[in-house]
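Here the structure is laid out as structure tokens; the discussion comes afterwards.
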Amino acid sequence: MKKILITGCFGFIGSHWTSTLLKNKNYKITGIDIKDKPKNFVKNKNFTFKKISIFENKKLENLIKKNDFIFHFAAIPTPDTYINDPIKILDITAFQAVHIVKLCVKYNKIIYFTSTSEIYGKNPDVPYKENSSRVLGSTDIDRWCYSTSKALVEHYIKAYSKHNGLKYIIFRLFNIYGPNLNGRVLDKFIDKALSNKTLTINGKGTQTRCFLEVDDCMNAFYKIFSNKKLLNNTFNIGTNKQTTIINLAKKIIKLTNSKSKIKFKSYKKLSKLGYEDMFLRVPDPSYLISKTKWKPKVSLDDGLKRMILSIKDTNKK
Ligand code: UDP
């Protein structure tokens, strides 16, 4: 049986990946998280939960030693935190992740690391290939601390792979959404729309994102994980279908039958808070497609409907 450690097992990506893996009875999974959230998989006999923070180095080291594959997902991918608590972002996303990478080297374990589309920053030259340039703003802008943290970890992974034989996969995630998402534009807009509160759009709303439903993301993960020949690769995980934020807001208001209004917040005000936006962020997923024949299946409308239902369900509890 393959032994797998998942950090952040109750987080957005972690919980979906744990559920996905548990469908296959050949995996013994240990999940760690700082929060003990009730999830449908906690009673599965192939799953063990340990309430451990990634800062508990001794316990973490023991777990890494005992497992074959390490999925390091624990992070805080929420732009509000990039600007409100950049130190926390740097400590968790950069330094503890580097520590985990080093432990994987020490014990010869395979690491699967969720990186980010934020890596490419505001490079206007879209779509991004995995080797596209990173174009970031000044370090005066706190927002870039997340991109920089993930890039630092990627550098460590690639350097250890080259010099010490570390085996790895890096997933660069492009605006994945679905049930349990927290702190991003989609859950914020749905929450507001369901309670008829005003949706706030940063700038004019002409900026775009390419949204990918989490089941399609899990499918990509599984295809990559199932094929050992793909090790030591970095993959963009996303679609190239762009949606403007204003259209997203209108769509959500319509799908929820909401009376919410839309207001606009100027970028001038936001920049004073340490925020800078990206006007577009488009992946080129052709490398992933060529290696795995992956194809996204869920339309934005269907994905939004599923997410709205799930948020309504949670609100009832
Ligand atoms: N956004 C917005 N209003 C909000 C939250 C986000 O207009 O309440 C915009 C944000 O400026 C960005 C896009 O929605 O252009 C996606 O933001 P998100 O926070 O989901 O993360 P990002 O894709 O920027 O990493």
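Just so you know, all these numbers are worked out from the coordinates, no wet-lab data involved. Model, not experiment: these values are computed from the prediction. Cβ placement follows ideal geometry from the backbone for every residue including glycine, while neighbour counts extend to all protein chains displayed.
Starting from a Cα-only point model with no solvent, please compute log10 I(q)/I(0) by Debye for region 112-158 at q = 0.16, 0.17, 0.26, 0.27 1/Å.
The computed values of log10 I(q)/I(0) come out as -0.43, -0.48, -1.03, -1.08.
5 Å is the cut-off here: which amide hydrogens, built 1.01 Å from N in the peptide plane, fall below it relative to residue 135, excluding neighbours closer than 5 in sequence?
121, 122, 123
Under the rule of -39500 (n - 2.57) per DSSP H run of 4 or more residues, summed and divided by the residues of the chain, what mean residue ellipticity at 222 nm is obtained, to the nearest 500 deg cm²/dmol?
On the way: 12 runs with 126 residues, N = 317.
Value at 222 nm, helices only, nearest 500: -12000 deg cm²/dmol.
Using +1 at the Cβ of each Lys and Arg and -1 at the Cβ of each Asp and Glu in the chain, identify which of 255, 101, 212 lies farthest towards the dipole's positive end.
Of the listed residues, the answer is 255.
Once whole DSSP H runs in the chain are found, which of them have Cα atoms spread over 20 Å or more along the helix axis and a mean Kyte-Doolittle score of at least 1.0? The partial results should precede the final answer.
Working: long enough: 144-164 (29 Å, -0.69); 300-316 (24 Å, -0.58).
Qualifying helices: none.
Taking only Cα atoms and a 10 Å spring cutoff, compute GNM fluctuations for the chain and point out the largest among 88, 39, 66.
Looking only at 88, 39, 66, the largest GNM fluctuation is found for 39.
Please grab the % of Cα pairs in region 1-123 that end up more than 24 Å from each other.
Values: 1983 of 7503 pairs.
Looking at region 1-123, the distances longer than 24 Å represent 26 percent of pairs.
About the Cα centre of region 40-129, what is the dipole size in debye to 20, counting +1 per Lys and Arg Cβ and -1 per Asp and Glu Cβ, all else neutral? Kindly include the intermediate steps, with their values, before the conclusion.
Details: 14 positive and 8 negative charges, 131 e Å.
Magnitude of the dipole: close to 620 debye.
Using +1 on the beta carbon of Lys and Arg, -1 on that of Asp and Glu, and nothing else charged, what's the dipole of region 1-70 about the Cα centre, debye to 20? Please report the intermediate quantities before stating the final value.
Details: 16 positive and 5 negative charges, 61 e Å.
The dipole magnitude comes to about 300 debye.
Take residue 310, project a point 7 Å from its Cα along the Cβ direction, then tell me which residues of region 176-202 have their backbone nitrogen under 17 Å from it.
Hits in region 176-202 for residue 310 at 17 Å: 176-192, 194.
Rounded if a/c is under 1.5, else prolate if a/b beats b/c, else oblate: with a ≥ b ≥ c from the C-alpha gyration tensor eigenvalues square-rooted, which is region 215-317? The partial results should precede the final answer.
Numbers: a/c = 2.43, a/b = 1.48, b/c = 1.64.
Oblate, because a/c is 1.5 or more while a/b does not exceed b/c.
Given springs between every Cα pair under 10 Å in a Gaussian network model of the chain, which of 195, 149, 260 has the largest fluctuation?
195
If you plug each phi of region 173-178 into the Karplus form 6.51 cos²θ - 1.76 cosθ + 1.60 with θ = phi - 60°, what whole-Hz ³J(HN,Hα) values come out, in order, with x for Gly and Pro?
8, 10, 6, 6, 9, x
Taking the Cα centre of the chain as origin and charging only Cβ (+1 Lys, Arg; -1 Asp, Glu), how large is the dipole, in debye to the nearest 20? The partial results should precede the final answer.
Details: 59 positive and 25 negative charges, 180 e Å.
Once rounded to the nearest 20, the dipole reads 860 debye.
In region 237-310, which chymotrypsin sites (Phe, Trp or Tyr not before Pro) fall in coil by DSSP and have 15 or fewer other Cβ atoms within 10 Å?
On the way: sites: 264, 267, 275, 279, 287, 294; in loops: 275, 279, 294.
Passing sites in region 237-310 are 279.
For region 128-207, taking Cα atoms only, what is the radius of gyration to one decimal and the Dmax to the nearest whole Å?
Using the Cα atoms of region 128-207, the pair Rg, Dmax is 17.5, 55 Å.
Could you point to the residue in 54, 76, 44 farthest towards the positive end of region 27-83's charge dipole, with +1 and -1 charges on the Cβ of Lys/Arg and Asp/Glu respectively?
44
Going by amide H atoms built from the backbone, whose H comes under 5 Å of the H on residue 233, apart from near neighbours?
168, 170
Which one of 101, 42, 214 has the biggest mean-square fluctuation once the chain is modelled by GNM with Cα springs under 10 Å?
Of 101, 42, 214, the Gaussian network model singles out 42 as fluctuating most.
Please report the antiparallel percentage of the DSSP beta bridges confined to the chain, to the nearest 5.
Values: 2 of 39 bridges.
Just about 5 percent of them are antiparallel.
With no solvent and one equal point scatterer placed on each C-alpha of the chain, evaluate the Debye formula and give log10 I(q)/I(0) for q = 0.08 Å⁻¹, two decimals.
Those come out to -0.35, one per q.
What residues have an amide H closer than 5 Å to that of residue 212, excluding those fewer than 5 places away on the same chain, when H is modeled at 1.01 Å from N in the peptide plane?
When sequence neighbours closer than 5 places are left aside, the close amide H contacts are 176, 177.
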